[in-house]
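Report on one structure; see the data block that follows.
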Amino acid sequence: MIDTIESAPAAVLGPKTKLSGKVVKITLAGALVDVGQELPGVIHISQIQKDPVNKVEDVLQAGQSVDTWVRRVKKDRIELTMIEPLGMEWGEIQPEMVVKGKVVRLETYGAFVDFGAERPGMVHVSELTRGYVKTPGEVVKEGDEIEAVVLEVNRKKKQIRLSMKALMPEIVEEEKPTREREPRKARSSNSSGGGSGKRGRKQEESFEINETPKEPELTAMQIAWQMATERAKTKDKGVKVKSAKSASSEQEDILSRTLEKRLPTGG
(Lines give C-alpha, C1' and ligand atoms only; values in the text may rest on other atoms or scores of the structure.)
Protein backbone atom coordinates (compact mmCIF):
# COMPACT_ATOMS: atom_id res chain seq x y z
CA MET A 1 0.00 0.00 0.00
CA ILE A 2 1.09 3.60 -0.64
CA ASP A 3 1.39 6.05 2.29
CA THR A 4 1.44 9.82 2.02
CA ILE A 5 3.60 11.80 4.47
CA GLU A 6 4.18 15.53 4.14
CA SER A 7 7.06 15.70 6.61
CA ALA A 8 8.49 12.92 8.77
CA PRO A 9 11.90 11.76 10.01
CA ALA A 10 13.78 9.76 7.40
CA ALA A 11 13.98 6.87 9.85
CA VAL A 12 10.22 6.27 9.64
CA LEU A 13 9.93 6.63 5.89
CA GLY A 14 9.05 3.36 4.22
CA PRO A 15 8.96 2.24 0.61
CA LYS A 16 6.06 3.67 -1.45
CA THR A 17 5.66 6.64 0.90
CA LYS A 18 4.52 9.61 -1.15
CA LEU A 19 6.47 12.86 -0.75
CA SER A 20 5.98 16.21 -2.49
CA GLY A 21 8.97 18.51 -3.13
CA LYS A 22 10.85 20.91 -5.44
CA VAL A 23 13.66 20.19 -7.85
CA VAL A 24 16.82 21.81 -6.47
CA LYS A 25 19.42 20.79 -9.03
CA ILE A 26 19.61 19.00 -12.39
CA THR A 27 22.47 16.58 -13.09
CA LEU A 28 23.39 14.23 -15.93
CA ALA A 29 22.30 11.24 -13.86
CA GLY A 30 19.11 12.71 -12.47
CA ALA A 31 17.90 15.43 -10.10
CA LEU A 32 18.14 16.54 -6.47
CA VAL A 33 14.77 17.22 -4.80
CA ASP A 34 13.98 18.94 -1.52
CA VAL A 35 11.24 16.84 0.12
CA GLY A 36 11.38 18.52 3.54
CA GLN A 37 13.76 15.98 5.06
CA GLU A 38 17.23 16.33 6.56
CA LEU A 39 18.56 14.04 3.88
CA PRO A 40 18.38 15.15 0.25
CA GLY A 41 16.11 13.35 -2.15
CA VAL A 42 17.64 11.89 -5.28
CA ILE A 43 15.80 10.87 -8.46
CA HIS A 44 17.73 8.73 -10.94
CA ILE A 45 17.12 9.44 -14.63
CA SER A 46 15.54 5.99 -15.04
CA GLN A 47 12.94 6.86 -12.37
CA ILE A 48 11.65 10.10 -13.88
CA GLN A 49 9.03 8.42 -16.05
CA LYS A 50 8.16 5.02 -17.52
CA ASP A 51 9.35 5.94 -21.01
CA PRO A 52 13.12 6.31 -21.50
CA VAL A 53 14.56 9.79 -20.90
CA ASN A 54 17.61 10.97 -22.89
CA LYS A 55 18.17 14.26 -21.04
CA VAL A 56 16.85 15.21 -17.60
CA GLU A 57 16.31 18.81 -18.81
CA ASP A 58 13.72 17.50 -21.29
CA VAL A 59 11.43 16.58 -18.40
CA LEU A 60 12.51 18.45 -15.25
CA GLN A 61 13.56 22.03 -14.48
CA ALA A 62 15.04 23.57 -11.33
CA GLY A 63 12.31 24.94 -9.05
CA GLN A 64 9.66 22.59 -10.47
CA SER A 65 7.24 21.00 -7.98
CA VAL A 66 7.03 17.22 -8.25
CA ASP A 67 5.35 14.27 -6.58
CA THR A 68 7.66 11.43 -5.66
CA TRP A 69 7.63 8.10 -3.82
CA VAL A 70 10.26 6.62 -1.58
CA ARG A 71 12.16 3.65 -3.03
CA ARG A 72 14.66 3.21 -0.18
CA VAL A 73 16.31 5.27 2.56
CA LYS A 74 20.09 5.26 2.85
CA LYS A 75 22.47 6.94 5.28
CA ASP A 76 23.27 9.90 3.04
CA ARG A 77 20.19 10.21 0.82
CA ILE A 78 16.60 9.21 0.11
CA GLU A 79 16.20 7.47 -3.20
CA LEU A 80 13.00 8.60 -4.90
CA THR A 81 10.95 7.77 -7.97
CA MET A 82 8.44 9.77 -9.96
CA ILE A 83 6.90 6.57 -11.34
CA GLU A 84 3.93 5.77 -9.15
CA PRO A 85 4.59 2.35 -7.59
CA LEU A 86 2.11 -0.49 -7.69
CA GLY A 87 -0.46 -0.45 -4.96
CA MET A 88 0.14 -4.17 -4.53
CA GLU A 89 3.21 -6.14 -5.50
CA TRP A 90 2.98 -9.74 -6.71
CA GLY A 91 4.41 -10.99 -3.44
CA GLU A 92 1.71 -9.15 -1.48
CA ILE A 93 -1.22 -10.71 -3.36
CA GLN A 94 -2.45 -13.82 -1.57
CA PRO A 95 -5.53 -16.05 -2.03
CA GLU A 96 -8.57 -15.23 0.14
CA MET A 97 -7.55 -11.60 0.62
CA VAL A 98 -10.17 -8.91 -0.13
CA VAL A 99 -9.26 -6.18 -2.62
CA LYS A 100 -11.00 -3.03 -3.82
CA GLY A 101 -10.75 -1.81 -7.38
CA LYS A 102 -12.38 -0.37 -10.48
CA VAL A 103 -13.86 -2.26 -13.42
CA VAL A 104 -11.71 -1.25 -16.40
CA ARG A 105 -12.87 -3.70 -19.11
CA LEU A 106 -15.72 -6.05 -19.88
CA GLU A 107 -15.49 -9.20 -21.97
CA THR A 108 -18.06 -11.88 -22.76
CA TYR A 109 -16.41 -14.23 -20.26
CA GLY A 110 -15.84 -11.79 -17.38
CA ALA A 111 -14.83 -8.37 -16.03
CA PHE A 112 -11.31 -7.00 -15.46
CA VAL A 113 -10.68 -5.06 -12.26
CA ASP A 114 -7.74 -2.73 -11.54
CA PHE A 115 -6.91 -2.86 -7.83
CA GLY A 116 -3.36 -1.52 -7.96
CA ALA A 117 -1.51 -4.64 -9.09
CA GLU A 118 0.75 -4.87 -12.13
CA ARG A 119 -2.17 -6.29 -14.10
CA PRO A 120 -5.94 -6.16 -13.54
CA GLY A 121 -7.60 -9.15 -11.93
CA MET A 122 -10.33 -11.02 -13.80
CA VAL A 123 -13.75 -11.85 -12.36
CA HIS A 124 -15.23 -14.70 -14.41
CA VAL A 125 -18.90 -14.36 -15.35
CA SER A 126 -19.71 -17.27 -13.02
CA GLU A 127 -18.09 -15.40 -10.09
CA LEU A 128 -19.92 -12.08 -10.50
CA THR A 129 -22.99 -12.97 -8.46
CA ARG A 130 -25.09 -15.89 -7.27
CA GLY A 131 -27.42 -17.30 -9.92
CA TYR A 132 -27.20 -17.43 -13.69
CA VAL A 133 -25.57 -14.50 -15.51
CA LYS A 134 -25.50 -14.38 -19.32
CA THR A 135 -23.12 -11.42 -19.74
CA PRO A 136 -21.01 -9.42 -17.25
CA GLY A 137 -22.87 -6.25 -18.28
CA GLU A 138 -25.92 -7.54 -16.43
CA VAL A 139 -24.06 -7.09 -13.12
CA VAL A 140 -21.31 -4.46 -13.56
CA LYS A 141 -20.22 -1.75 -15.98
CA GLU A 142 -16.91 -0.03 -16.68
CA GLY A 143 -15.99 2.46 -13.95
CA ASP A 144 -17.80 0.62 -11.14
CA GLU A 145 -15.95 0.39 -7.83
CA ILE A 146 -16.18 -3.17 -6.51
CA GLU A 147 -14.83 -5.48 -3.83
CA ALA A 148 -13.65 -9.00 -4.58
CA VAL A 149 -11.84 -11.96 -3.05
CA VAL A 150 -8.61 -13.25 -4.57
CA LEU A 151 -9.15 -16.87 -5.70
CA GLU A 152 -5.84 -17.62 -7.40
CA VAL A 153 -2.55 -15.90 -8.24
CA ASN A 154 -0.40 -17.18 -11.11
CA ARG A 155 2.82 -15.16 -11.10
CA LYS A 156 4.29 -16.97 -14.12
CA LYS A 157 1.31 -16.22 -16.35
CA LYS A 158 0.69 -12.86 -14.63
CA GLN A 159 -2.93 -13.79 -13.97
CA ILE A 160 -5.14 -13.00 -10.98
CA ARG A 161 -8.56 -14.63 -10.55
CA LEU A 162 -11.11 -12.76 -8.45
CA SER A 163 -14.61 -13.46 -7.14
CA MET A 164 -17.37 -11.03 -6.21
CA LYS A 165 -19.76 -13.89 -5.44
CA ALA A 166 -17.58 -15.08 -2.56
CA LEU A 167 -18.44 -11.92 -0.59
CA MET A 168 -22.19 -12.39 -1.02
CA PRO A 169 -24.28 -14.24 1.59
CA GLU A 170 -25.34 -17.74 0.68
CA ILE A 171 -28.98 -18.34 -0.24
CA VAL A 172 -30.52 -20.55 2.45
CA GLU A 173 -33.52 -22.60 1.36
CA GLU A 174 -36.50 -22.57 3.70
CA GLU A 175 -37.24 -25.87 5.40
CA LYS A 176 -40.37 -27.62 4.22
CA PRO A 177 -43.23 -28.28 6.68
CA THR A 178 -42.99 -31.45 8.77
CA ARG A 179 -46.03 -33.01 7.09
CA GLU A 180 -44.36 -32.94 3.69
CA ARG A 181 -41.20 -34.52 5.04
CA GLU A 182 -42.84 -37.39 6.98
CA PRO A 183 -43.39 -39.65 3.92
CA ARG A 184 -39.68 -39.30 3.08
CA LYS A 185 -38.74 -40.44 6.58
CA ALA A 186 -41.08 -43.40 6.29
CA ARG A 187 -39.52 -44.45 3.01
CA SER A 188 -36.00 -44.04 4.32
CA SER A 189 -36.77 -46.10 7.45
CA ASN A 190 -37.88 -49.05 5.30
CA SER A 191 -34.48 -49.23 3.61
CA SER A 192 -31.06 -49.01 5.23
CA GLY A 193 -28.10 -48.65 2.90
CA GLY A 194 -27.21 -50.05 -0.56
CA GLY A 195 -29.71 -52.58 -1.92
CA SER A 196 -31.57 -53.34 1.33
CA GLY A 197 -34.62 -51.47 -0.02
CA LYS A 198 -34.75 -53.73 -3.12
CA ARG A 199 -34.32 -56.85 -0.98
CA GLY A 200 -37.14 -55.69 1.29
CA ARG A 201 -39.49 -55.22 -1.67
CA LYS A 202 -38.60 -58.67 -3.08
CA GLN A 203 -39.27 -60.28 0.29
CA GLU A 204 -42.64 -58.54 0.50
CA GLU A 205 -43.57 -59.72 -3.01
CA SER A 206 -42.57 -63.34 -2.31
CA PHE A 207 -44.46 -63.23 0.95
CA GLU A 208 -47.61 -62.06 -0.81
CA ILE A 209 -47.27 -64.78 -3.50
CA ASN A 210 -46.60 -67.67 -1.10
CA GLU A 211 -49.29 -66.78 1.36
CA THR A 212 -52.53 -68.84 0.77
CA PRO A 213 -55.89 -67.55 1.88
CA LYS A 214 -57.44 -69.38 4.81
CA GLU A 215 -60.75 -71.17 4.21
CA PRO A 216 -63.64 -69.84 6.30
CA GLU A 217 -64.86 -72.15 9.05
CA LEU A 218 -68.34 -73.76 8.29
CA THR A 219 -71.22 -73.96 10.70
CA ALA A 220 -72.95 -77.30 11.49
CA MET A 221 -75.94 -76.35 9.33
CA GLN A 222 -73.67 -75.58 6.35
CA ILE A 223 -71.87 -78.94 6.74
CA ALA A 224 -75.20 -80.91 6.83
CA TRP A 225 -76.41 -79.07 3.73
CA GLN A 226 -73.21 -79.95 1.83
CA MET A 227 -73.51 -83.64 2.76
CA ALA A 228 -77.13 -83.79 1.60
CA THR A 229 -76.16 -82.14 -1.68
CA GLU A 230 -73.37 -84.68 -2.23
CA ARG A 231 -75.76 -87.65 -1.65
CA ALA A 232 -78.34 -86.24 -4.06
CA LYS A 233 -75.68 -85.82 -6.78
CA THR A 234 -74.56 -89.49 -6.27
CA LYS A 235 -78.12 -90.82 -6.62
CA ASP A 236 -78.70 -88.86 -9.81
CA LYS A 237 -75.54 -90.33 -11.33
CA GLY A 238 -76.69 -93.93 -10.44
CA VAL A 239 -80.13 -93.44 -11.98
CA LYS A 240 -78.60 -92.06 -15.17
CA VAL A 241 -76.25 -95.07 -15.47
CA LYS A 242 -79.05 -97.62 -14.90
CA SER A 243 -81.36 -95.94 -17.38
CA ALA A 244 -78.58 -95.90 -19.94
CA LYS A 245 -77.97 -99.66 -19.44
CA SER A 246 -81.70 -100.57 -19.76
CA ALA A 247 -81.99 -98.51 -22.91
CA SER A 248 -79.07 -100.31 -24.50
CA SER A 249 -80.49 -103.76 -23.60
CA GLU A 250 -83.85 -102.90 -25.14
CA GLN A 251 -82.10 -101.78 -28.32
CA GLU A 252 -80.29 -105.12 -28.50
CA ASP A 253 -83.55 -107.08 -28.12
CA ILE A 254 -85.19 -105.10 -30.89
CA LEU A 255 -82.18 -105.64 -33.16
CA SER A 256 -82.11 -109.40 -32.57
CA ARG A 257 -85.88 -109.80 -33.23
CA THR A 258 -85.58 -107.85 -36.45
CA LEU A 259 -82.77 -110.08 -37.68
CA GLU A 260 -84.76 -113.25 -36.90
CA LYS A 261 -87.69 -112.05 -39.00
CA ARG A 262 -85.47 -111.39 -42.00
CA LEU A 263 -83.56 -114.64 -41.93
CA PRO A 264 -84.78 -117.18 -44.58
CA THR A 265 -86.49 -120.28 -43.20
CA GLY A 266 -85.37 -123.69 -44.36
CA GLY A 267 -87.74 -126.15 -46.00
(request) Of the conditions (1) surrounded by 16 or more Cβ atoms within 10 Å (Cβ to Cβ); (2) touching a Pro at 6+ places or on another chain (Cβ under 8 Å); (3) not in a loop (DSSP other than H, G, I, E, B), Val24 clears all except one; give me its number. (result) (1)
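If you check Glu89 against the conditions, is it more than 30 Å from Gln37 (Cβ to Cβ) and either at pLDDT 95 or above or open to solvent by 40 Å² or more (accessible area, probe 1.4 Å) (or both)?
Numbers: more than 30 Å from Gln37 (Cβ to Cβ): no; either at pLDDT 95 or above or open to solvent by 40 Å² or more (accessible area, probe 1.4 Å) (or both): yes.
Considered against the rule, which asks whether it is more than 30 Å from Gln37 (Cβ to Cβ) and either at pLDDT 95 or above or open to solvent by 40 Å² or more (accessible area, probe 1.4 Å) (or both), Glu89 comes out as no.
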(request) Output yes when any residue across the range 143-160 is surrounded by 14 or more Cβ atoms within 10 Å (Cβ to Cβ), among the β-branched types (Val, Ile, Thr), part of a helix (DSSP H, G or I) and out of contact with any Leu (no Cβ under 8 Å at 6 or more places or on another chain), and no when none is. (result) no
(message) Residue pairs, Cβ under 9 Å, 6 or more apart or interchain, first in the range 33-51 and open to solvent by 40 Å² or more (accessible area, probe 1.4 Å), second among the acidic types (Asp, Glu) and part of a strand (DSSP E or B). List them.
(response) Pro40/Asp34; Val42/Glu79; His44/Glu79
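Among the listed residues Ala148, Ala117, Ala111, identify the single one that is small (Gly, Ala, Ser) and either out of contact with any strand residue (DSSP E or B) (no Cβ under 9 Å at 6 or more places or on another chain) or at pLDDT below 95 (or both).
Values: Ala148 fails: either out of contact with any strand residue (DSSP E or B) (no Cβ under 9 Å at 6 or more places or on another chain) or at pLDDT below 95 (or both); Ala111 fails: either out of contact with any strand residue (DSSP E or B) (no Cβ under 9 Å at 6 or more places or on another chain) or at pLDDT below 95 (or both).
Only one candidate qualifies: Ala117.
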(request) For residues that are under 14 Å from Leu39 (Cα atoms) and out of contact with any Asp or Glu (no Cβ under 7 Å at 6 or more places or on another chain), scanning just the range 4-22, find the one that is modelled with the lowest pLDDT. (result) Ser7
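Among the candidates Val73, Val133, Val139, which residue alone is at pLDDT 95 or above, hydrophobic (A, V, I, L, M, F, W, C) and open to solvent by less than 70 Å² (accessible area, probe 1.4 Å)?
Working: Val73 fails: at pLDDT 95 or above; Val133 fails: at pLDDT 95 or above.
Result of the check over Val73, Val133, Val139: Val139.
The values are calculated or read from the model by the stated rules, or taken from the named source; none is laboratory data. Model, not experiment: these values are computed from the prediction. Note that each Cβ is placed from the backbone with ideal geometry, even for glycine, and that neighbours are counted across all protein chains shown. Heavy atoms of the whole protein, side chains included, go into the accessibility calculation; ligands, DNA and RNA do not. Shrake-Rupley method; radii C 1.70, N 1.55, O 1.52, S 1.80 Å.
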